[in-house]
Structure formats: structure tokens, C-alpha cells
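The values are calculated or read from the model by the stated rules, or taken from the named source; none is laboratory data. This one's a predicted model, so the numbers in the text were calculated from it and none came from an experiment. Cβ: placed from backbone, ideal geometry, glycine included. Neighbour counts: every protein chain shown.
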Amino acid sequence: MGRTLVELFYDVISPYSWLGFEVLCRYQHIWNIDLRFRPAFLGGIMQQTGNKPPAMLPKRAEYMLKDVKRMAKYYQVPVHMSGEDFRRILGTSSLAAMRFITAIDMTNPQYLEPVSREFWMQFWSQHEDISQPENILAVAQQAGLSAELSQKALEMISSPTVKDRLKETTAEAIKYGAFGMPAVVAHYDGEPHLFFGSDRIELLGSVIGEKWLGPVPS
């Protein structure tokens, strides 16, 4: 049987996207899947679907703080979240970061995984800003890119080509039914199957006929 294409639509502003990203990275060498990273813009999805950030509902925000802490421990991903982070999220746009990641995907896709991971590390583990050019360059170089490649990708974020690619990927996620992130789409048995959330990967495995071995398979 052929390998199942699994697409992960994500935005580094989303802590749950990081959890899903790391678990799928672990399973891509265990399950019979081809994992494809699809950087998209969560702000665009929220706007077009009418969804609202969790922080807009106080009780949901209160629950999310506890939930992310538990999930981070269970998934063994260093997400460190506090009440201050809701203000940070609402005051931070991930658009420049996601355009930069899109530029990396278009020019140096071998760096897509480490660059994406480093953005999450900086924002969610070390509580650094990721919206300014100097922060973006620091993230890229921390992920192993040369200063030259980092600068080239940074210059690309204002280009129509990169802007259009990010818009197209975001529109594609919405077409599959995404209303938030992470959105995982498995192409199985001749049709796309959408799974929302980092806690649906076990269910994904069940649908595509793969065995779930926990969030940190040995």
C-alpha cells in the first residue's frame, strides 16, 4: 500500500500547533506517511471563518492555561505559558514570521522544520518577540541558516510571490474545512480527512490504519 500524504497547516503563534508539529515529526519515521508542512496564517483563517481567539472568552482562557501546561508535559514539548501570554498574542502579529517561513519553504525547504521549531522556541519557550526583522534574523541563524540566506529570505517577505503563496495555503486550509490550528489533512482512501487539534493524532492513526504508540514513541 502506498504512503499516506499528511499535511500539517500551522502558524507559530499557536502553541497547540507546536504540540502537533512535534508529535507528527516523531511519527513521520514510524508511520507509513509522507508529512508535508504547510505554513499558513491563523489570523486569516480566524477572520474568514468568524472564529475568535481563546483569550476573548475569559473562562476559555483560564482553562487553556491549565490545558497547555498539561499538554506540554504529556507531549514533552517546552511550551511555557502564563496569563501574560494572552496579552502578548493579542499584541503580536505572526504575519511577518509566517511569510518568512513561507519564503524558506520556497527557497530552502530543508530548513523548514528547524526554522519553524525555532520560532516556537523563541516565542513560546523563551518569550521573545518574533515580529521584528532583527528577531526573525536571530531565529533563522539560531536554526542554522547562514546570514546570507537569512537576509535573502527576509527580503522576500514583502514580495508578491511570498504573500500570494501564504494566502493560497491559508485559503487551501479553509477549503479543507479548517477554522483554527493545527489543521491536519490526511489524504486517505481517495479523499481528504481533516483533523483539528494536536490531540487528534491518535484518531488520525486509527483512520489511516496506523498504531498509536503515545506522544513520545520509542
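Tabulated results
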read-out: Single residue of the range 1-35 satisfying the filter (aliphatic (A, V, I, L, M) and under 18 Å from residue 117 (Cβ atoms)) that is surrounded by the fewest Cβ atoms within 10 Å (Cβ to Cβ); value: 35
read-out: Residue list for the range 90-111, filter: in contact (Cβ under 8 Å) with a residue 12 or more places away in the chain, part of a helix (DSSP H, G or I) and surrounded by fewer than 19 Cβ atoms within 10 Å (Cβ to Cβ); value: 90, 95, 96, 106, 107
read-out: Residue match in the range 124-147 (condition: in a strand (DSSP E or B) and more than 16 Å from residue 94 (Cβ to Cβ)); value: no
read-out: Any chance residue 96 is over 17 Å from residue 198 (Cβ atoms), in contact with a Phe, Trp or Tyr (Cβ under 7 Å, 6 or more places away or on another chain) and at pLDDT 95 or above; value: no
read-out: Within the range 61-83, tally of residues that are assigned to a helix (DSSP H, G or I) and without any contact (Cβ under 8 Å) to a residue 40 or more places away in the chain; value: 11
read-out: Every residue from the range 44-101 that is small (Gly, Ala, Ser) and touching a helix residue (DSSP H, G or I) at 6+ places or on another chain (Cβ under 9 Å); value: 44, 55, 61, 72, 82, 83, 93, 94, 96, 97
read-out: Residue among 185, 207, 216 that alone is buried (at least 18 other Cβ atoms within 10 Å of the Cβ) and touching a residue at least 12 places away in the same chain (Cβ under 8 Å); value: 185
read-out: Residue within the range 45-64 that is within 20 Å of residue 105 (Cβ to Cβ) and out of contact with any strand residue (DSSP E or B) (no Cβ under 6 Å at 6 or more places or on another chain) present; value: yes
read-out: Checking residue 150 against (1) closer than 22 Å to residue 98 by Cβ; (2) crowded, with 17+ Cβ neighbours inside 10 Å; (3) in contact (Cβ under 8 Å) with a residue 40 or more places away in the chain, the condition it does not meet; value: (3)
read-out: Boolean, residue 176 is in contact with an Asp or Glu (Cβ under 9 Å, 6 or more places away or on another chain), surrounded by fewer than 20 Cβ atoms within 10 Å (Cβ to Cβ) and of a type in the set (Ser, Thr, Tyr); value: yes
read-out: Odd one out for residue 152, checked against (1) in contact with a Gly (Cβ under 6 Å, 6 or more places away or on another chain); (2) in a helix (DSSP H, G or I); value: (1)
